[in-house]
């Protein structure tokens, strides 16, 4: 039994099985699919004696990486939240952020959610969706640049759909953000830490705006100016 498990864990096709099963588990609760995927990643790390390079984490975190992450985050925020998301919400309805209502005006809720986000969203989701799903799927398809870009598109769509609770506009916006993160990883395949920082900084801006009850400010500005 143990040898069969080891053989399964050593095969790149495992990523397809994991994605399919995670999607099925998510039908019951979105967290089930996430933690199932993270569980598979843990088993892989354990088998490989915690060789993080299997998931693109083999570059030390430097000030250069942090500065790059800051620039990427600003670019992503301007492109998605300022210039794209208002149009998505205008045509597809508002993004459903009601699951974050508890942190509005609450310092405690804000701090707790920030901690949870950096651990489970910034680090956890990047490790799972890009370090595992995207990287392993690309390697399964031949490890060429075309394979990596194809994997980036597929995983971004998968990532967007996994946020279906945010509504149609939310799915599209999350998929776009996921694709931009995927492109960053595509260009920096040994530096998943860069993408983790981008994800964390980007979500930090969003959480802060919700805490301040200002997440609609760019929508109101763009829509008021154009429509």
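The values are calculated or read from the model by the stated rules, or taken from the named source; none is laboratory data. Since the model is a prediction, treat every value here as computed from it, not as a measurement. FYI the Cβ positions are ideal-geometry reconstructions off the backbone, even for glycines, and counts take in every protein chain you see.
When the residues of the range 168-185 are narrowed to those that are within 25 Å of residue 52 (Cα to Cα) and touching a residue at least 40 places away in the same chain (Cβ under 8 Å), which ends up surrounded by the fewest Cβ atoms within 10 Å (Cβ to Cβ)? Spell out how you get there, then give the answer.
Start the filter on the range 168-185 by keeping residues that are within 25 Å of residue 52 (Cα to Cα), which leaves 177-185.
Applying the additional criterion that residues be touching a residue at least 40 places away in the same chain (Cβ under 8 Å) yields 177-178, 180-182, 184-185.
Working: 177: 26, 178: 26, 180: 20, 181: 27, 182: 25, 184: 22, 185: 28.
Looking at the filtered set, the residue picked out is 180.
Given 133, 110, 165, 90, which one is in contact (Cβ under 8 Å) with a residue 12 or more places away in the chain, crowded, with 21+ Cβ neighbours inside 10 Å and either within 22 Å of residue 37 (Cα to Cα) or in contact with a helix residue (DSSP H, G or I) (Cβ under 8 Å, 6 or more places away or on another chain) (or both)?
On the way: 110 fails: crowded, with 21+ Cβ neighbours inside 10 Å; 165 fails: crowded, with 21+ Cβ neighbours inside 10 Å; 90 fails: crowded, with 21+ Cβ neighbours inside 10 Å.
Of 133, 110, 165, 90, the one residue that is in contact (Cβ under 8 Å) with a residue 12 or more places away in the chain, crowded, with 21+ Cβ neighbours inside 10 Å and either within 22 Å of residue 37 (Cα to Cα) or in contact with a helix residue (DSSP H, G or I) (Cβ under 8 Å, 6 or more places away or on another chain) (or both) is 133.
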Of (1) over 20 Å from residue 19 (Cβ atoms); (2) under 14 Å from the mean Cα position of the chain (by Cα), residue 213 satisfies every one except (2)
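Quick one: would you say residue 105 is on the phi > 0 side of the Ramachandran plot and in contact with a helix residue (DSSP H, G or I) (Cβ under 8 Å, 6 or more places away or on another chain)?
Values: on the phi > 0 side of the Ramachandran plot: yes; in contact with a helix residue (DSSP H, G or I) (Cβ under 8 Å, 6 or more places away or on another chain): yes.
Spelling it out, residue 105 is indeed on the phi > 0 side of the Ramachandran plot and in contact with a helix residue (DSSP H, G or I) (Cβ under 8 Å, 6 or more places away or on another chain).
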Could you check, for the range 122-130, whether at least one of its residues is modelled with pLDDT of 95 or more, closer than 30 Å to residue 11 by Cβ, surrounded by 20 or more Cβ atoms within 10 Å (Cβ to Cβ) and over 11 Å from the mean Cα position of the chain (by Cα)? no
Do we find a residue being touching a residue at least 40 places away in the same chain (Cβ under 8 Å) and exposed (fewer than 14 other Cβ atoms within 10 Å of the Cβ) anywhere in the range 47-58?
yes
